[in-house]
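Student: Mind having a look at this structure? Questions to follow.
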Amino acid sequence: MTTKIIGTGHYVPERIVTNDDLAMIMDTSDEWIAERTGIRQRRIDTGEGVVSMALKASKNALENAGITADMLDMIIVATSTADDLFPNTASLVQRELGNHQCVCFDLSAACSGFLYALNTAHAYIKAGMAKTVLIIGSECLSKTMDWTDRSTSILFGDGAGAVIVTEAETGIESVVAHSDGRKGEVIICDGRPLENFLVKKNVTYAYTQMDGQEVFRFAVKTVPECIHELLDQAKIGVEDVDYFILHQANERIIRSVSKRLRVPLERFPMNLHNYGNTSAASIPILLDECNRNGLFVPGHKIVLSGFGAGLTWGAALLTW
Ligand code: COA
């Protein structure tokens, strides 16, 4: 018995912000951003929030799976940008979906969050503790950006993706997940600072700070390594994989992974040019677009792989 994806959905805010739009508020250009990252535009939230985006993606996924919310045993939301510290995002999505029994929690693993959530759902299903799980990646990165920092803010976008998984005979074949906190400082966003009756501070908001080149080096090394580990575990080779659905951070990272794995770039679908890096939402948004475009057929072998702050990274192999 394993875990199968039976439905996908996504939602992105309506407001499109192009590279040319950014060039009007900072010293950058479409040429620089497109050449260094592949990104041409991103969606930016103008007031809707992580719960609302998660809910819309979830409704699409439920419809795609042909099931109703009352059939869910669990909702996991991968996010680093929740609207509130509590209640968790998953409980707020549950409230709106009208299922008032299932277990709900959020999971924080930055851009690897969706893969960690998929692993968690898979573990619950294998243990017989859940049958059908809604997994969501929903992020509003734009609120964590310093929009005067041109080296970081141009990379990210807002959005949500969701999948429904259930127990089945075929589906996930192997999973790997890794974390290494030693280099955590290369991509950080501080939380709410301590302020209470003992400690008085002038509270200021913190923004995402990143050492882009370190993150780049980390990604191009660890992603191919962890895909090899994943495929060795499943005793198959890269040539047996139909599609590689990678975290959509940067086209140059994906090109480098394709080269290091010696797999043609055509087997790496991409949508980062439209959405930028949507963190935990990027893999489920791309999965949904590929699913709805009819790219996957039953029996296809698909590798998912993500990396991000922590540092965290991981991969999953599944049969569609
Ligand atoms: N527009 C124009 N110029 C910019 C710019 C921008 N948006 N951002 C940086 N620059 C400038 C720098 O100031 C620097 O100028 P200088 O040489 O005069 O000092 C120059 O471009 C080169 O900067 P550098 O940081 O060396 O560029 P890079 O080739 O490393 O590209 C990133 C920067 C961020 C695009 C790249 O490092 C990257 O994509 N890293 C991975 C980040 C990532 O994916 N993070 C999320 C992981 S989940």
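The values are calculated or read from the model by the stated rules, or taken from the named source; none is laboratory data. Every value quoted in this text rests on a predicted model; they were computed, and no experiment measured them. Reconstructed Cβ throughout: ideal geometry from the backbone, glycine too, with neighbour counts over all protein chains shown. When the accessible area is computed, the model is the full protein with side chains, heavy atoms only, and any ligands, DNA or RNA have been set aside. Shrake-Rupley method; radii C 1.70, N 1.55, O 1.52, S 1.80 Å.
Student: May I ask you to say which residue of 110, 82, 121 is within 16 Å of the ligand (Cβ to nearest atom), within 23 Å of residue 311 (Cβ to Cβ) and either under 16 Å from the mean Cα position of the chain (by Cα) or crowded, with 24+ Cβ neighbours inside 10 Å (or both)?
Tutor: Values: 82 fails: within 16 Å of the ligand (Cβ to nearest atom); 121 fails: within 16 Å of the ligand (Cβ to nearest atom).
Of the residues listed, the single one that is within 16 Å of the ligand (Cβ to nearest atom), within 23 Å of residue 311 (Cβ to Cβ) and either under 16 Å from the mean Cα position of the chain (by Cα) or crowded, with 24+ Cβ neighbours inside 10 Å (or both) is 110.
Student: Take residue 236 and tell me if it is open to solvent by less than 50 Å² (accessible area, probe 1.4 Å), assigned to a strand (DSSP E or B) and at pLDDT 95 or above.
Tutor: Against the criterion (open to solvent by less than 50 Å² (accessible area, probe 1.4 Å), assigned to a strand (DSSP E or B) and at pLDDT 95 or above), residue 236 does not qualify.
Student: A further question on this structure: Please go through segment 258-275 and pick out each residue that is more than 10 Å from the ligand (Cβ to nearest atom) and buried (at least 23 other Cβ atoms within 10 Å of the Cβ). Lay out the reasoning, then the answer.
Tutor: Looking only at segment 258-275, we keep the residues that are more than 10 Å from the ligand (Cβ to nearest atom), and these are 258-271, 273-275.
Residue satisfying the conditions is 275 alone.
Student: Next question, about the same structure. The conditions are (1) in a helix (DSSP H, G or I); (2) within 18 Å of the chain's Cα centre (by Cα); (3) crowded, with 24+ Cβ neighbours inside 10 Å, and residue 165 fails exactly one of them. Which is it?
Tutor: Evaluating residue 165 over (1) in a helix (DSSP H, G or I); (2) within 18 Å of the chain's Cα centre (by Cα); (3) crowded, with 24+ Cβ neighbours inside 10 Å leaves (1) as the failure.
Student: Now for a different question. Take segment 247-257 and flag every residue that is open to solvent by less than 40 Å² (accessible area, probe 1.4 Å) and either away from the ligand (no atom under 11 Å from the Cβ) or not aliphatic (A, V, I, L, M) (or both).
Tutor: Residues satisfying the conditions are 247, 248, 250, 256, 257.
Student: On to the next question. Go through segment 23-36 and give me each residue that's of a type outside the set (Ser, Thr, Tyr) and within 11 Å of the ligand (Cβ to nearest atom).
Tutor: Filtering segment 23-36 for residues of a type outside the set (Ser, Thr, Tyr) gives 23-27, 30-36.
Scanning segment 23-36 gives 23, 26, 27, 30, 31, 32, 33, 34, 35, 36.
Student: Kindly provide the set of residues from segment 37-66 that are open to solvent by 40 Å² or more (accessible area, probe 1.4 Å) and more than 16 Å from the ligand (Cβ to nearest atom), ordered by number.
Tutor: 43, 46, 47, 48, 56, 59, 60, 63, 64, 66
Student: Kindly indicate which of 192, 150 is modelled with pLDDT under 95 and either within 30 Å of residue 102 (Cβ to Cβ) or open to solvent by 70 Å² or more (accessible area, probe 1.4 Å) (or both). Please lay out each step first, then the result.
Tutor: Numbers: 150 fails: modelled with pLDDT under 95.
Testing whether each residue is modelled with pLDDT under 95 and either within 30 Å of residue 102 (Cβ to Cβ) or open to solvent by 70 Å² or more (accessible area, probe 1.4 Å) (or both) leaves just 192.
Student: For residue 25, are the conditions met, namely being open to solvent by 50 Å² or more (accessible area, probe 1.4 Å), of a type outside the set (S, T, N, Q) and closer than 17 Å to residue 145 by Cα? Before you say what the answer is, go through the steps one by one.
Tutor: On the way: open to solvent by 50 Å² or more (accessible area, probe 1.4 Å): yes; of a type outside the set (S, T, N, Q): yes; closer than 17 Å to residue 145 by Cα: yes.
Yes; evaluated as a whole, the condition is true for this residue.
Student: Among the candidates 195, 173, single out the residue that is outside any strand (DSSP E or B) and either in contact with a Ser or Thr (Cβ under 6 Å, 6 or more places away or on another chain) or away from the ligand (no atom under 16 Å from the Cβ) (or both).
Tutor: 195
Student: Further question: Looking only at residues that are open to solvent by 40 Å² or more (accessible area, probe 1.4 Å), under 27 Å from residue 162 (Cα atoms) and not aromatic (Phe, Trp, Tyr) in segment 11-22, which one is nearest to the ligand (Cβ to nearest atom)?
Tutor: Initial filter on segment 11-22 (open to solvent by 40 Å² or more (accessible area, probe 1.4 Å)): 11, 14-16, 18, 20-21.
So of that shortlist, the ones also under 27 Å from residue 162 (Cα atoms) come out as 11, 14-16, 18.
Checking the rest, the ones that are also not aromatic (Phe, Trp, Tyr) come to 14-16, 18.
Details: 14: 24, 15: 20, 16: 18, 18: 13 Å.
Restricting to residues being open to solvent by 40 Å² or more (accessible area, probe 1.4 Å), under 27 Å from residue 162 (Cα atoms) and not aromatic (Phe, Trp, Tyr), the top hit is 18.
Student: Right, another one. Against the conditions (1) in contact with a Gly (Cβ under 6 Å, 6 or more places away or on another chain); (2) under 16 Å from residue 158 (Cα atoms); (3) among the basic types (Lys, Arg), where does residue 15 fall short? Just the number, please.
Tutor: (1)
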